[in-house]
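Heads up: the structure comes next, in structure tokens.
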Amino acid sequence: MDKDLDFTGKTVLVTGSGRNIGKAIILEFAARGANVVINTRSNREEAEGVLREAEALGAKGIVVLGDAGQKETVEELKLRAEEAFGRVDIYVANAARRLHKDFWDTTDEEWHRHLNQQLTGAWYLAKAFAPAMRDAGYGRIIHMNGPDGYHGGFTRVPHSTAKGGIRIFTKSLAEGLSEYGITVNDINPGVAATERDLNTHPQFADKDFVASIVKDIPIRRHTEPSEIAFACAFLASPRSAAITGSVIHLDGGKNMFG
């Protein structure tokens with residue numbers, strides 16, 4: 001049964017993979033034999049550290065810096081991945097920046113920047129990599145969503161709107177790409193156990209606030225990045241071929257309440 005989660009010879013690209021969830025996904029696939037394409041916006045040292053860990057697991061990999069919401073970065077990802085490995089078989093659109101500012105204070109420029117970084121970035125990735133997947137008769141596209149995409153958030157309107165749009169984008173792609181052996185799915189990590197920038201998540205500086213979140217999660221803890229990474233491996237496996245247009249909620253049961 002282990003062969004179902006063996007990705008030897010496959011190439012996996014993960015945007016926003018210098019730390020936290022993205023890093024965990026890279027290492028999950030690296031441990032399962034895949035070639036890996038690591039992307040961070042600007043922190044080369046961080047990305048090179050992930051690459052060293054992946055190589056220690058026996059994987060081959062490359063690092064491509066740049067904002068995954070920009071077409072030029074996605075074109076560079078495609079070029080470098082194809083030069084190194086031939087093509088990308090699986091990609092995870094994970095990169096995201098969250099703005100903590102309510103509707104009244106959010107500017108037009110911030111709206112467009114954050115919407116583009118996630119929703120338009122997902123469009124660029126699909127346009128870049130889906131054609132080769134179609135030609136090969138196999139591909140896996142995974143979009144990292146989140147609670148905001150289902151419930152909204154007044155202090156992060158552009159982010160929430162982008163995540164909601166990604167949900168519909170996933171369904172739209174799944175309808176047309178699945179006949180070519182390409183599945184397209186979302187993962188909702190819920191509240192994950194990650195390092196957070198307190199500029200974008202100031203509420204997490206309050207220990208009482210963090211405790212109240214955990215209390216509201218049925219499993220009484222945050223989701224671990226390694227659990228999210230394994231879900232990506234499952235969705236990329238041959239035995240998940242009948243799952244498309246769907247979402248896996250790794251939120252400890254919180255989404256069952258709507």
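The values are calculated or read from the model by the stated rules, or taken from the named source; none is laboratory data. All figures in this text were calculated on a predicted structure; none of them were measured in a lab. With ideal geometry, Cβ positions are generated from the backbone for all residues, glycine too; neighbour counts draw on all protein chains shown. To get the accessible areas, we keep the full protein, side chains included, count just its heavy atoms, and leave off ligands, DNA and RNA. Shrake-Rupley method; radii C 1.70, N 1.55, O 1.52, S 1.80 Å.
Key figures for this structure:
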item	result
Heavy-atom surface of region 118-199, accessible at 1.4 Å and reported per residue (Å²)	39 Å²
Packing rank of 11-18, 118-125, where each peptide gets the mean count of other beta carbons within 10 Å, highest leading	11-18, 118-125
Label-point separation, SER212 to GLU175 (7 Å along Cα→Cβ), nm	4.0 nm
Ranked order, LYS78, LYS127, LYS3 - accessible area, probe 1.4 Å, largest first	LYS3, LYS127, LYS78
Gain in span if fully extended, SER226 to LYS60, counting 0.36 nm per residue against the direct Cα distance	57.7 nm
Heavy-atom accessible surface of region 6-80: percent carbon and sulfur, 1.4 Å	43 percent
Lysines with Cα under 26 Å of LYS215, excluding same-chain neighbours fewer than 8 positions away	LYS101, LYS163, LYS207, LYS254
222 nm mean residue ellipticity, helices alone, for the chain (DSSP H n ≥ 4; -39,500 (n - 2.57); rounded to 500)	-13500 deg cm²/dmol
Packing rank of 219-228, 102-111, where each peptide gets the mean count of other beta carbons within 10 Å, highest leading	219-228, 102-111
Rounded, prolate or oblate (a/c below 1.5 giving rounded, otherwise prolate when a/b exceeds b/c) for the chain by Cα gyration tensor	rounded
DSSP H segments from the chain that extend 20 Å or more along their own axis, Cα-based, with Kyte-Doolittle mean of -1.0 or above	71-85, 121-136, 157-177
Length gained when the stretch HIS100-ARG134 is fully extended (0.36 nm per residue, less Cα-Cα span)	8.4 nm
